[in-house]
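Visitor: Below you will find the structure I want to go over with you.
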Amino acid sequence: MSRALATLDRHLDALRWRDRIPLILTLALLVATLGVWLDQFFGGLVHYRRIEGIMSNIAPSGPPPFLLASVTPDRTGLPFVVWFSNGDGDTDHDVRIWVSRGPVANPAELVTVEIRPDVRVVDGKLSAREMALLRQWLAPNLPVLVRYWDGDIESSENAIAAMRPVKRRPPSQSHSARPTASMSPHS
């Protein structure tokens, strides 16, 4: 290796400065190309680790929002949006979902809920009423979420299609209309 560098050094000494520029540019292009090839060969590990580190500072308890699928209140019957993902390579924890009060998955506002083995809030806060509604929705939908997490359901669209909304209770009978006497002058 040192012999090759010594030879290169002798050739560079023989070249004038303006003659060195194309050689320097060629070497820079070779180094950049080698970097791209190494990055492709190693599957972008360096780039992925850098992004993973940044995302862990933003959303330490969940995947990046672009990896989440959402089920909106009109599909769930819940007063919030439920977000879910597959367990693709995530061995740190069991099945989780995320809850947001709005349609955007803002990492700082997501509530992380572990749904297996027990339903419990891991990060964030849900009221007792919200937790009761979530448990009611999870009762029929837990198997779907687990199958999606495990990769048995391949697309989020298929998982959402298999989910069932919370059954809404009919309004209280205490406010029902009672027949009233007619006040017309012709009675």
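None of the figures in this text is laboratory data; all of them are computed from the coordinates on show. Please read all numbers here as calculations on a predicted model, not as lab measurements. Backbone-built Cβ (ideal geometry, glycine too); neighbour counts: all protein chains shown.
Visitor: For ARG116, ARG129, what's the fewest-to-most ordering of other Cβ within 10 Å of each Cβ?
Guide: Least crowded to most crowded, the residues run ARG129, ARG116.
Visitor: Also: Assuming 0.36 nm per residue, please report the length gained on full extension of the stretch ALA108 to LYS125 beyond their Cα-Cα distance.
Guide: 4.9 nm
Visitor: Still on this structure, please answer the following. Translational diffusion coefficient, Stokes-Einstein: compute it for segment 62-162 using the Kirkwood radius over C-alpha pairs as Rh, at 4 °C and 1.567 mPa s, and state it as an integer in µm² s⁻¹.
Guide: 96
Visitor: If each of SER156 and ALA4 carries a label point 7 Å out from its Cα toward its Cβ, how far apart are those two points in nm?
Guide: 4.8
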